[in-house]
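> Let me give you the structure first, and then I'll get to my questions.
The values are calculated or read from the model by the stated rules, or taken from the named source; none is laboratory data. From a predicted model like this one, the values you see are computed outputs, not experimental measurements. Note that each Cβ is placed from the backbone with ideal geometry, even for glycine, and that neighbours are counted across all protein chains shown. Side chains are part of the model used for accessible areas, which takes the heavy atoms of the whole protein and leaves out ligands, DNA and RNA. Shrake-Rupley method; radii C 1.70, N 1.55, O 1.52, S 1.80 Å.
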Amino acid sequence: MKSQRRYHFVILFMVLLVFASCHSREQSEGEKGDGTNSAADDKTLTVGVLPTLDCVPFYVAESLHLFDQQEADVKLRRYQAHLDCDQSLVQKDLDGAISDLVRAERLQAKGVALDYLIATDTYWLLITNRLARVNELKQLGDKMIAITRYSATDYLGNLAVDSAKPQNTVFRVQVNDVDVRLKMLQTNAMDAVLLTEPQATAAKKGRHPVLMDSREKGVHFGVFAFRKASTGSAAKKQTVEGMLRAYNQACDSINTYGLAHYADIVKRECHIDDSVLVALPRIPYQHAAPPKDKDVQTARSVKWKE
């Protein structure tokens, strides 16, 4: 009973946090919020991005005007949650967005035809609150894990629980906003969370233990997914090709000079400070290429209880 009361209290706390961050869908300068000047434009590609490191090449390409140099009309729309990106893809307000293969395959199963143009090296860490005193996966029983339903984090949360088989119920709490998820860990409102970078590094700086790393599970689900209606459009073909060239240029520049060279961009777009920036791991950025078939097949094989 005590754990269930705490569970309901945390749900209320989470709702209040989400309302407090009502700016979660921040629009790029000059864009309208209804999407009428984005995906509907003949040659414009509108891409949904999050405050995460896998989106940094897009932020760098925008800031350095690499899209303009490649004569590619690319507009970025900032979001706080993958779920919002999904909704905008379904509503055709976006041409493409950062996602994961588990989410994207579920969208495709529901009739949203997608092209996977860019695989990313995104990884997720299962991090526990240091005050929860959870040092092993089997100790997650009677604890709460923040995830997003039907996503890589949901899949990884299930993987952790199924492998450890804790005696008591593990409560999976849906927290979609990536910054709110981190904040709930930092304010001791959540026992465990699944985070990617840079939120994972921010959590580790608070001495919160890492229990699982998706890379050790052979999971490579990071992807930028685009609607086939956009990638197959003759009018947008040149824009797609130019976007990919600009993306590759940005990756080369980041790999050459490091994230610290673009400190102002990374701090602004990923909502971090200098202390987190200097602690970030060196992540190589690969040129745009589709994900491996085995990763797509793994995501496609995931079965959900609706």
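> Name the residues in the range 263-272 that are open to solvent by less than 70 Å² (accessible area, probe 1.4 Å) and free of Cβ contacts under 8 Å to residues at least 60 places away in the same chain, would you?
Residues satisfying the conditions are ALA263, LYS267.
> Out of the range 273-296, which residues are out of contact with any Ser or Thr (no Cβ under 6 Å at 6 or more places or on another chain), assigned to a helix (DSSP H, G or I) and open to solvent by less than 100 Å² (accessible area, probe 1.4 Å)?
Scanning the range 273-296 gives ASP274, SER275, LEU277, ASP295, VAL296.
> Which one is most open to solvent (accessible area, probe 1.4 Å) among residues in the range 230-262 that are of a type in the set (Gly, Ala, Ser) and either under 17 Å from GLN69 (Cβ atoms) or under 23 Å from the mean Cα position of the chain (by Cα) (or both)?
ALA260
> Taking PHE224 as meeting all but one of (1) surrounded by fewer than 18 Cβ atoms within 10 Å (Cβ to Cβ); (2) outside any helix (DSSP H, G or I), write down the number of the exception.
(1)
> Next up: Which residue pairs have Cβ atoms under 6 Å apart, sit 6 or more places apart or on different chains, and have a first residue in the range 188-201 that is under 16 Å from ASP121 (Cα atoms) and polar (S, T, N, Q) and a second that is open to solvent by less than 10 Å² (accessible area, probe 1.4 Å) and part of a loop (DSSP other than H, G, I, E, B)?
Close Cβ pairs satisfying both conditions: THR196/THR52.
> Kindly state which strands (runs of 3 or more DSSP E) lie completely within the range 110-178 and contain at least 2 residues that are of a type outside the set (Lys, Arg) and open to solvent by 10 Å² or more (accessible area, probe 1.4 Å).
114-119, 171-174
> Something else about it: Can you give me the number of residues within the range 29-88 that are closer than 24 Å to ASP154 by Cα, part of a loop (DSSP other than H, G, I, E, B) and either open to solvent by less than 10 Å² (accessible area, probe 1.4 Å) or modelled with pLDDT under 95 (or both)?
Counting residues in the range 29-88 that are closer than 24 Å to ASP154 by Cα, part of a loop (DSSP other than H, G, I, E, B) and either open to solvent by less than 10 Å² (accessible area, probe 1.4 Å) or modelled with pLDDT under 95 (or both) gives 5.
> If you check HIS208 against the conditions, is it open to solvent by 80 Å² or more (accessible area, probe 1.4 Å) and not basic (Lys, Arg)?
Judged against the criteria, HIS208 is not a match.
> Which condition number does LEU185 fail, the rest of (1) touching a strand residue (DSSP E or B) at 6+ places or on another chain (Cβ under 6 Å); (2) under 28 Å from THR298 (Cα atoms) being met?
The number of the failed condition is (2).
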